[in-house]
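A.B. asks: Let me give you the structure first, and then I'll get to my questions.
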């Protein structure tokens with residue numbers, strides 16, 4: 001007869017960092033040499049991770065960023081570092097797209113941008129959140 005121990009109860013919780021630790025300063029841009037010629041840039045990564053603010057357990061998502069640049073483009077290496085800074089941040093799935101969009105619009109000032117987070121299924125629930133930004137005509141810079 002094999003004796004086994006009863007599983008020990010886990011009363012632990014992973015470290016959950018505050019949204020203030022998101023590294024917005026990591027974001028960098030470079031000049032868009034064809035200003036006035038609209039193109040749609042599509043960036044996608046399936047390596048996005050943040051944590052549930054309640055449990056501290058990880059949430060995994062594919063993040064898609066579509067945008068029309070105005071004067072600058074988002075530098076991809078810096079975007080990767082920015083997104084990695086979410087790794088231990090406690091943030092609701094529905095809030096991630098708002099935060100990412102606000103930070104990217106502030107830094108890149110695009111004509112149009114859409115951020116989508118497609119989360120892996122957890123507990124049988126699939127979540128996709130997206131938010132879109134369009135610069136108003138009154139804000140456009142005329143050259």
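Bear in mind that the values in this text are calculations on the coordinates, not laboratory data. Because the structure is a prediction, the values reported are computed rather than measured. Positions of Cβ are backbone-derived with ideal geometry, glycine not excepted, and every protein chain shown enters the neighbour counts.
A.B. asks: Just to be sure I understand: if I project the alpha-carbon convex hull of the range 12-80 onto a plane and average over all orientations, what area do I get in nm²? Numbers along the way, then the final one.
C.D. replies: Numbers: hull surface 22.3 nm².
Mean projected area of the Cα convex hull: 5.6 nm².
A.B. asks: Also: Among 119-130, 70-81, how do they line up from the highest to the lowest mean number of other beta-carbon atoms within 10 Å?
C.D. replies: Working: 119-130: 11.5, 70-81: 16.2.
Packing proxy ranking, top to bottom: 70-81, 119-130.
A.B. asks: Given only helices, namely DSSP H runs of n ≥ 4 each adding -39500 (n - 2.57), what is the per-residue ellipticity at 222 nm of the chain, to the nearest 500 deg cm²/dmol? Write down the numbers at each step before the final one.
C.D. replies: Values: 2 runs with 25 residues, N = 143.
It lands at -5500 deg cm²/dmol.
A.B. asks: What number results when the radius of gyration of the chain, computed over Cα atoms, is divided by 2.2 N^0.38 Å?
C.D. replies: On the way: Rg = 19.1 Å, N = 143, 2.2 N^0.38 = 14.5 Å.
Rounded to two decimals, the normalised Rg is 1.31.
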